[in-house]
1. Just the accessible area per residue of the range 21-73, please: how many Å² with a 1.4 Å probe?
2. From the convex hull of the Cα coordinates of the chain, what is the mean projected area in square nanometres?
3. For Tyr15, Tyr34, what's the largest-to-smallest order of accessible area, 1.4 Å probe?
4. Just the number, please: carbon plus sulfur as a percent of the accessible area of the chain, 1.4 Å probe, no ligands or DNA/RNA counted.
5. Name the residues whose placed amide hydrogens come within less than 5 Å of the amide hydrogen of Gly39, ignoring near sequence neighbours (fewer than 5 apart) on the same chain.
6. Can you run phi through the Karplus equation (6.51, -1.76, 1.60; θ = phi - 60°) for the range 6-11 and list ³J(HN,Hα) in whole Hz, with x for Gly and Pro?
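The values are calculated or read from the model by the stated rules, or taken from the named source; none is laboratory data. All values derive from a computational prediction rather than experimental measurement. Please note that ligands, DNA and RNA were not included when accessible areas were found on the heavy atoms of the full protein model with its side chains. Shrake-Rupley method; radii C 1.70, N 1.55, O 1.52, S 1.80 Å.
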Amino acid sequence: MSKIEKQLDICPPAYMGKGMNRENFVSTGHKCGYCKGNGWFWGTEEGSREDVRKPCPVCEGSGELDAIITVDWKPTNK
Ligand SMILES: [Zn+2]
């Protein structure tokens, strides 16, 4: 089992405009906690007794999730 640990450096970017500035970070390859990285569950189809693989509704079958981290830079109120 591999564990992903990432550290985010919070540092104001060199190029910013007036007022609020938004920065986005994307962290990929996080194991889906809902299906535990399988990407699917055993389920039953209506009208059938056979078990079928149903894709995980959270990760949509990929078994992994991407984390989108948004940082808003705003002037300090002093
Ligand atoms: Zn999942």
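1. Values: 4000 Å² over 53 residues.
Dividing the accessible area of the range 21-73 by its residue count gives 75 Å².
2. 8.7
3. Tyr15, Tyr34
4. Carbon and sulfur atoms account for 50 percent of the accessible area of the chain.
5. So Gly39 has HN proximity to Gly63.
6. 10, 10, 9, 8, 8, 8
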